[in-house]
1. Would you check which residues across the range B:41-69 are more than 14 Å from every other protein chain (Cβ to nearest Cβ) and of a type in the set (D, E, K, R) and list them?
2. Right, B:Ser79: farther than 26 Å from A:Phe39 by Cβ, in contact (Cβ under 8 Å) with a residue 60 or more places away in the chain, polar (S, T, N, Q) and more than 13 Å from chain A (Cβ to nearest Cβ) or not?
3. Take the range A:1-25 and flag every residue that is farther than 27 Å from B:Pro108 by Cα, loosely packed, with under 14 Cβ neighbours inside 10 Å and at pLDDT 90 or above.
4. Within the range A:67-74, is even one residue within 14 Å of A:Thr107 (Cβ to Cβ), surrounded by 21 or more Cβ atoms within 10 Å (Cβ to Cβ) and more than 11 Å from chain B (Cβ to nearest Cβ)?
5. Got at least one residue in the range B:4-21 being touching a Gly at 6+ places or on another chain (Cβ under 7 Å), surrounded by fewer than 17 Cβ atoms within 10 Å (Cβ to Cβ) and touching a residue at least 12 places away in the same chain (Cβ under 8 Å)?
6. Between residues in the range A:37-57 that are facing chain B (nearest Cβ under 8 Å) and at positive phi and residues that are in a loop (DSSP other than H, G, I, E, B) and modelled with pLDDT of 90 or more, which pairs lie under 8 Å by C-beta distance while being six or more apart or on different chains?
7. Of everything in the range A:95-108 that's under 10 Å from the mean Cα position of the chain (by Cα) and part of a strand (DSSP E or B), which residue is nearest to the other protein chains (Cβ to nearest Cβ)?
8. Considering only the range B:29-81, state which residues are under 20 Å from A:Lys5 (Cα atoms) and in a loop (DSSP other than H, G, I, E, B).
Amino acid sequence: QQQVKQSPQSLIVQKGGISIINCAYENTAFDYFPWYQQFPGKGPALLIAIRPDVSEKKEGRFTISFNKSAKQFSLHIMDSQPGDSATYFCAAITSGGSYIPTFGRGTSLIVHP
Amino acid sequence: KAGVTQTPRYLIKTRGQQVTLSCSPISGHRSVSWYQQTPGQGLQFLFEYFSETQRNKGNFPGRFSGRQFSNSRSEMNVSTLELGDSALYLCASSLMLGGSAGEQFFGPGTRLTVL
């Protein structure tokens, strides 16, 4: 059973546009929500993360919006650039004693110049 | 500071064989986690080692095992390989056990193909 549903599976945007990727989770025990960026031939790299005590976190062009009541969170990439073309994964994690991260299936983002 | 290294980068095995993958974490990192990445199932957590002890385990059969050495280097072993074990196996290291879960640094992975 997939505990984290990520959408869309693929996304094409024009340079300068806004890329939006959504994730929904089921387990209310999750308390840490990172986003990872993965380029071909590379391992994932942490992009930005949020805890459920805040509704939004911004780092440069990347923003996470978090809706605890809806059990949803999303990644917004402002002013998308061709260099942002990669696969993005959301994750939901129960930290503390029982650390079992659950990942979304990934979104392949292509930014056209 | 050197990143996470994994060896070998590519591996081809046949069904029934066993395989051992190696991971060297970032210097000073004591936690090593292993993941399996496939197009069908995505990224799945295998297990985490900290101070030479397995601390957390995902939902994989006992054919998947691992260990960690006193220098924090880790190995993962898969016995009796099946076609479905073909995947990219990723290792990630972090300073702390699971609690700072997101602050992991991933290696480039080992691409395992089972024929």
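The values are calculated or read from the model by the stated rules, or taken from the named source; none is laboratory data. Worth saying up front: this structure is predicted, and the values here are computed from it rather than measured. As a convention, Cβ positions derive from the backbone with ideal geometry for all residues, glycine included, and neighbour counts pool all protein chains shown.
1. Step one: filter the range B:41-69 for residues more than 14 Å from every other protein chain (Cβ to nearest Cβ), giving B:51-52, B:61-69.
Those that are more than 14 Å from every other protein chain (Cβ to nearest Cβ) and of a type in the set (D, E, K, R): B:Glu52, B:Arg63, B:Arg67.
2. Numbers: farther than 26 Å from A:Phe39 by Cβ: yes; in contact (Cβ under 8 Å) with a residue 60 or more places away in the chain: yes; polar (S, T, N, Q): yes; more than 13 Å from chain A (Cβ to nearest Cβ): yes.
Yes; evaluated as a whole, the condition is true for this residue.
3. A:Gln14, A:Lys15, A:Gly16, A:Ile18
4. First, pick out the residues of the range A:67-74 that are within 14 Å of A:Thr107 (Cβ to Cβ): A:73-74.
So of that shortlist, the ones also surrounded by 21 or more Cβ atoms within 10 Å (Cβ to Cβ) come out as A:73.
So of that shortlist, the ones also more than 11 Å from chain B (Cβ to nearest Cβ) come out as A:73.
Looking through the range A:67-74, at least one residue is within 14 Å of A:Thr107 (Cβ to Cβ), surrounded by 21 or more Cβ atoms within 10 Å (Cβ to Cβ) and more than 11 Å from chain B (Cβ to nearest Cβ).
5. Taking the range B:4-21 and keeping what is touching a Gly at 6+ places or on another chain (Cβ under 7 Å), we get B:4-6.
In the following step, the residues that additionally are surrounded by fewer than 17 Cβ atoms within 10 Å (Cβ to Cβ) were identified as B:5.
Cutting the leftovers down to touching a residue at least 12 places away in the same chain (Cβ under 8 Å) gives us B:5.
Yes; the residues of the range B:4-21 include at least one that is touching a Gly at 6+ places or on another chain (Cβ under 7 Å), surrounded by fewer than 17 Cβ atoms within 10 Å (Cβ to Cβ) and touching a residue at least 12 places away in the same chain (Cβ under 8 Å).
6. A:Gly41/B:Pro108
7. Keep residues of the range A:95-108 that are under 10 Å from the mean Cα position of the chain (by Cα), which gives A:103-104, A:106-107.
Applying the additional criterion that residues be part of a strand (DSSP E or B) yields A:103, A:107.
Values: A:Phe103: 4, A:Thr107: 11 Å.
Among those residues, the one meeting the criterion is A:Phe103.
8. Narrowing the range B:29-81 to residues under 20 Å from A:Lys5 (Cα atoms): B:35-46, B:58-59.
Within the range B:29-81, B:Pro39, B:Gly40, B:Gln41, B:Gly58, B:Asn59 meet the criteria.
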